[in-house]
1. Within region 182-200, can one find any residue that is touching a Cys at 6+ places or on another chain (Cβ under 6 Å), more than 25 Å from Ile143 (Cβ to Cβ) and modelled with pLDDT of 90 or more?
2. When the residues of region 294-317 are filtered to those that are of a type in the set (A, V, I, L, M, F, W, C) and over 22 Å from Cys75 (Cβ atoms), which remaining residue is surrounded by the most Cβ atoms within 10 Å (Cβ to Cβ)?
3. Can you name the number of the only condition in (1) more than 22 Å from Thr382 (Cβ to Cβ); (2) part of a loop (DSSP other than H, G, I, E, B); (3) touching a residue at least 12 places away in the same chain (Cβ under 8 Å) that Arg233 fails?
4. Quick one: Ser349 ticks every box in (1) surrounded by fewer than 22 Cβ atoms within 10 Å (Cβ to Cβ); (2) within 22 Å of Phe85 (Cα to Cα); (3) among the small types (Gly, Ala, Ser) bar one, so which box is it?
5. How many of the residues in region 202-235 are under 20 Å from the mean Cα position of the chain (by Cα) and under 11 Å from Phe185 (Cβ atoms)?
6. Of all the helices (runs of 4 or more DSSP H) wholly in region 258-326, which have at least 1 residues that are modelled with pLDDT of 85 or more, of a type in the set (Val, Ile, Thr) and under 28 Å from Leu91 (Cβ atoms)?
7. Only one of these is over 25 Å from the mean Cα position of the chain (by Cα) and of a type in the set (Lys, Arg): Lys54, Lys89. Name it.
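The values are calculated or read from the model by the stated rules, or taken from the named source; none is laboratory data. What you are looking at is a predicted structure, and each value in this text was computed from that prediction instead of being measured. Positions of Cβ are backbone-derived with ideal geometry, glycine not excepted, and every protein chain shown enters the neighbour counts.
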Amino acid sequence: MGNIYSVKKYGEVTFDYIMIFFFLILPVDNKLVPPLLVVLIILSLIKLEKNILKVNWSKYKKYYLPFIVYFILCCLSLIWSEDFFRGLKQLETRLLFLVAPLIFLINKLEPIKVYNWLKVYCYSVLVLTSFFFVYGLISYAQIYSPSIKYPYYAYLFVMSEILDGFGIHRSYFSISLLIAIMLIFGGGDQLNKIKKYISIIFLSVMILLFQSKMNAIILVSIFILFWALSMRRLPVRLKIFSTVALLFFLTFSGLVAKKRFAPMFERIENRDAFTGRNSTEERYQYLEASFALAKETPPLGYGMGDVNNLIKSKAEEIGLQRILEKKIYDPHNEFIKIYLGLGVVGLISIVILFYKLFYRAITNKNIFLFGITWAVFCSCFTESYLSRQGGIVPFLIFSCLLIQFNPKQKIP
């Protein structure tokens, strides 16, 4: 008995340290994440206590069942996928739909430890973002010339390209910033008040500078939500101040985002003259190929392994040269990808999953879970967010954690 207790105690201490390291590296997609998840699940099983698992499952099974159902559908789709090995690769990524719930169902979440994880995550995001900000200033100083007609727009261009130089997807990294903003905004225990507001302003400005269109929209929507919620309990003076601050932020956001959004709207208005040589026209071609396939999709879809091959074939059939030149055959829309792969049944399953998360967030008054679910839900319209490690890992880790834990609760 003594040896078993020692093993479990050692496993628990090791688990805590690895979780801290895991949240430290979580903001950036990297190759360390998968092996760490394997270690975490092994340690969780070593220190498994049946009573904790039984209690957690009875309390949270209605929220976790959609995760399991979606994963089972992905497994079944291998049966009718012609490209079995590509389907198996897709399934490997989606294995986290089982692993993430299991990690948090097995473990008893102690508030002090969870706060440490969240604090490490927030500081990691702040340090990384500060580095990219300084790096951007240095890069801009190196190219600056008095002959540059619009220095401000030149700086925006430099900032928008920085993450690409490090092999980091700006849309996915911007989600990390959004998550940190939400945790810092509502979690007074994460940082003191002065650091809190400076950090929120800094991260918000950086999201705008990174020029990710969807994340700029999500950022604005989240601030409007926070403003609406805070208005109910603030005194009159603070209501006026918060309203003025919101209007200032919206104006500033509009000015920064104008350069990014204006060309997009102009191209959409003149879509008959598309050449497919920019991101707007490129996305339009992906949608064109995807919608053409969607009209022919069987009730259970084509299978998760066949989506990319089918988009390639459809692009060749229609003559969408930009897609063929780029050689990336992903629809860049998670809902469309799921519909093509798993049919209407798969689409319903993922909608139910999001519904359950929103329901849990509202009934538990968990603004963090609501905000993160909203950010990922919106991102799924412009990215295959749940098909890439950089998207699926933070979403499932934070959603599963926040299903069972509300950062608003006090540390005993």
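1. So the first thing to find is which residues in region 182-200 are touching a Cys at 6+ places or on another chain (Cβ under 6 Å), and the list is 183-184, 190.
Still in the running and more than 25 Å from Ile143 (Cβ to Cβ): 183-184, 190.
Next cut, modelled with pLDDT of 90 or more only: none.
Taking every residue of region 182-200 in turn, none turns out to be touching a Cys at 6+ places or on another chain (Cβ under 6 Å), more than 25 Å from Ile143 (Cβ to Cβ) and modelled with pLDDT of 90 or more.
2. Ile311
3. It fails just one condition, (3).
4. All conditions pass for Ser349, except number (2).
5. Adding up the residues that qualify gives 6.
6. Details: elements: 279-294, 307-318, 321-326.
In region 258-326, the matching helices (runs of 4 or more DSSP H) lie at 307-318.
7. Exactly one residue qualifies, and that residue is Lys54.
A quick yes/no check of all residues on (1) more than 22 Å from the chain's Cα centre (by Cα); (2) more than 20 Å from Leu347 (Cβ to Cβ); (3) of a type in the set (A, V, I, L, M, F, W, C):
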| residue | (1), (2), (3) |
| --- | --- |
| Ser58 | yes, yes, no |
| Phe67 | no, no, yes |
| Phe71 | no, no, yes |
| Cys74 | no, no, yes |
| Arg94 | no, no, no |
| Val99 | no, yes, yes |
